[in-house]
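Some notes on the structure that comes next.
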Amino acid sequence: MLLKAGAFALSLAGLATGAVAQDYTIRLSHGDNETNPTHITAMAFAEKVDEYSDGRIKVQIFPSNQLGSEEEVVRAVRNNTIQAQIPAMANVHPVAPSVGVLLLPYLFTSSEEAHAGLDAILEPMNDRITQEGGLRFLGILEKGFRVLTNSVRPVETLEDLKGLKIRVSPNEIVIATFQSWGIDPIPMGWGEVFTALQQGVIDGQENPYTTAQTSKFYEIQKYITEIHYMIWTGPLLISEKFYQGLPPDLQDAVSRAGAEAVQIGRAANAVQTEEAMTFLAEKGMVLSGPPKDEEAWRDAARGIWQNLYPSVGGEEWAVTATGLMAEAAK
Ligand code: MLT
């Protein structure tokens, strides 16, 4: 009885000051700067979580890998020392192999197709990765095709690629894809890329148009080729341990906020991609569109899918997941 009276007195005090009890904090990490669509997604998530949880959950955003590299933070999210993250999919794959299906080269041919496929795969994916990696996707951000930039020459054919030092994320599927095109790419953490380009340790890298703009690659890169091999996807992911510790109403609040935030991020990216292309051309970059022999690139990379199945959760899952996404995109 005494306890109840005390709680009542506290809640009255809260009402009087307009204060709301904050019960949980989500620390959210990502690797981009504050103009990138990844950050816009993070901000939208923070706002919506605040709204849907009535202020009971606060989201703190840490951009530009302040809390550690993407690879390190994925592991911290698994352990719930950091609660949420928006990393590139390639950096989730080592902890949760099944997400590798989203890295298969030439999986999607457009952003629209990707949106349908990514939304359809969300629940089956969560059934697997909550077990595999202690991670849950609240939604999957999409930022358009990863385009190849370099400082040496226009890459218009597979032959032009040969001899270039191209950085890729340290991921076996991405590495195998570049090897199918006849080069050994240089795996490197994202945080080191700008300096490595600047110092000439590498000639080029591949990330979306919006990243080329927001990371200021136009200062140190000249040529862009739309290699179309992979759409940038990155989950808004949350620690399963943290999520399971929330009461059901707050789980719903977080899930709803995450799903809506990625839609906002995707829309922002579509607008920013158009702007980035114009901006990069104005800055003197040469945008050469897709390679002239794009079919040869596609055939070589699609030819290794079968070899990649063991790395993406097995053939049965790979065939089921890609089939489900293709069906949703029809
Ligand atoms: C990478 O290339 O490592 C990522 O795409 C960077 C990012 O998270 O945007």
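Of note:
- Considering only residues in the stretch 171-193 that are within 11 Å of the ligand (Cβ to nearest atom) and surrounded by fewer than 19 Cβ atoms within 10 Å (Cβ to Cβ), the one that is nearest to Glu295 (Cα to Cα) turns out to be Pro187.
- Flag: Glu295 matches the condition of being over 30 Å from Leu138 (Cβ atoms) and of a type in the set (Asp, Glu).
- Of Glu240, Glu226, Glu219, all but one fail to be away from the ligand (no atom under 13 Å from the Cβ), modelled with pLDDT of 95 or more and touching a Lys or Arg at 6+ places or on another chain (Cβ under 6 Å); the exception is Glu240.
- Residue count for the stretch 149-170 satisfying the condition of being touching a Ser or Thr at 6+ places or on another chain (Cβ under 9 Å) and more than 16 Å from the ligand (Cβ to nearest atom): 5.
- Residue match in the stretch 253-263 (condition: in contact (Cβ under 8 Å) with a residue 60 or more places away in the chain and under 23 Å from Val174 (Cβ atoms)): yes
This table checks each residue for (1) closer than 20 Å to Ala329 by Cβ; (2) among the aliphatic types (A, V, I, L, M).
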site: Leu103; (1), (2): yes, yes
site: Gly117; (1), (2): yes, no
site: Pro124; (1), (2): yes, no
site: Leu161; (1), (2): no, yes
site: Arg167; (1), (2): no, no
site: Asp184; (1), (2): no, no
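- Any hit, the stretch 36-47, residues being over 20 Å from Thr210 (Cβ atoms) and assigned to a loop (DSSP other than H, G, I, E, B): no
- Only one of the numbered conditions (1) more than 14 Å from the ligand (Cβ to nearest atom); (2) surrounded by 17 or more Cβ atoms within 10 Å (Cβ to Cβ) is violated by Thr210, and that is (1).
- So Arg266, is it closer than 27 Å to Leu236 by Cβ, of a type in the set (Lys, Arg) and touching a residue at least 24 places away in the same chain (Cβ under 8 Å): yes
- Qualifying positions in the stretch 87-97 - in contact with a helix residue (DSSP H, G or I) (Cβ under 6 Å, 6 or more places away or on another chain), within 8 Å of the ligand (Cβ to nearest atom) and within 27 Å of Ile57 (Cα to Cα): Pro87, Asn91
- Among (1) part of a helix (DSSP H, G or I); (2) among the hydrophobic types (A, V, I, L, M, F, W, C); (3) buried (at least 20 other Cβ atoms within 10 Å of the Cβ), the one test that Leu236 misses: (1)
- Checking Pro105 against (1) over 24 Å from Gln251 (Cα atoms); (2) within 16 Å of the ligand (Cβ to nearest atom); (3) assigned to a helix (DSSP H, G or I), the condition it does not meet: (3)
- Looking across the stretch 194-207, the residues that are crowded, with 20+ Cβ neighbours inside 10 Å and either of a type in the set (Val, Ile, Thr) or under 24 Å from Gly265 (Cβ atoms) (or both) come down to Ile202, Gln205, Glu206, Asn207.
- Residue in the stretch 26-35 that is surrounded by the most Cβ atoms within 10 Å (Cβ to Cβ), counting only those that are touching a residue at least 60 places away in the same chain (Cβ under 8 Å) and out of contact with any Pro (no Cβ under 8 Å at 6 or more places or on another chain): Ile26
- The residues of the stretch 108-118 that are in contact with a strand residue (DSSP E or B) (Cβ under 8 Å, 6 or more places away or on another chain) and either crowded, with 24+ Cβ neighbours inside 10 Å or in a helix (DSSP H, G or I) (or both), listed by number, are Ser111, Ala114, His115, Leu118.
The values are calculated or read from the model by the stated rules, or taken from the named source; none is laboratory data. Because the structure is predicted, anything quoted here is derived from the model rather than measured. Counting neighbours? That spans all protein chains shown, and the Cβs are built from the backbone with ideal geometry, glycine included.
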